[in-house]
């Protein structure tokens, strides 16, 4: 019976009827609370509905039933990002990536991108705190913008209007930071490491990058450690050996020059 409800839920999901899908999956769970796929599928439907807390709870339940659950960690990380919990999201995304690599999951590259997004969100949270600490006026203006957005969003129950207000508030805050950066570039400029300088295994800043035959660059020590376990490119899944790695001299030079003028990047 639970399988039948899952099938109906999948049909509703594919048709874009996410609320109906949630209802079908919930009925299935009531019949078999140990059916892990019902939780991950309901999490996906709730993610589409932007019900972040419910999505998070379903993912946690799925992980409890099946610890090595790529899909559950993948959606858990996205829910945590939307709930503005970047530290937790980074941990969940990293776990999804590790599971994806070990199981050769087809969505491993997406998990890699999710790790970078989570790490970027974590860094931006720290950057925001650093910049706010430097400028009292910035703090006061940002707080005023966010309070106005919060008050406005609580005057409606329309999800579309709430989303529009939240996006407009984010845009105003971004413009505020841009203005302060123009006024004081030495102290108020946001710091960010370019994605191409970040290793796709450890997600750390690269110091000795090597390139594979597929054109993907990695930090030498991390890709060599990976190849001791699996003779494949962790992202493309193509066969790869240590002998096929080549120094990426142009990227190494770019990383060296970036680090010389941005010493903070070593802690990214």
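Values in this text are rule-based calculations from the coordinates and carry no lab data. The model shown is predicted, which means the values in this text are computed figures rather than measured ones. No Cβ is skipped: glycine too gets one built from the backbone with ideal geometry, and neighbour counts run over all protein chains shown.
For the reader, a short list of remarks on this structure follows.
- An oblate overall shape is assigned to the stretch 136-183, the ratio a/c of its alpha-carbon gyration tensor axes (a ≥ b ≥ c) being 1.5 or greater and a/b not exceeding b/c.
- Take each peptide in 62-75, 26-39, count the other Cβ atoms within 10 Å of every residue, and average; sorted highest first, the result is 62-75, 26-39.
- Value of [θ]222 nm, deg cm²/dmol, for the chain, DSSP H segments ≥ 4, -39500 (n - 2.57) each, nearest 500: -22500 deg cm²/dmol
- Evaluated on the stretch 2-120, the Kirkwood hydrodynamic radius is 14.1 Å, with distances taken between all distinct Cα atoms.
- Packing order of peptides 11-19, 212-220, 87-95, highest average first: 87-95, 212-220, 11-19 (average count of other Cβ atoms within 10 Å over each peptide's residues).
- Estimated FRET transfer efficiency when R0 is 35 angstrom, pair residue 49-residue 236 (beta carbons, to 0.05): 0.55
- Per-selection metrics, the stretch 195-267 (Cα): Rg and Dmax in Å: 12.2, 37
- Whether the chain is rounded, prolate or oblate, judged on the alpha carbon gyration tensor where a/c under 1.5 counts as rounded: oblate
- When peptides 146-154, 123-131 are sorted by average Cβ neighbour count within 10 Å, with the highest value leading, the order is 123-131, 146-154.
- On the beta carbon distance between residue 187 and residue 84, with R0 = 25 Å, the FRET formula returns roughly 0.50.
- Inter-site label distance for residue 178 and residue 113 at 7 Å from Cα along Cβ, in nm: 2.4
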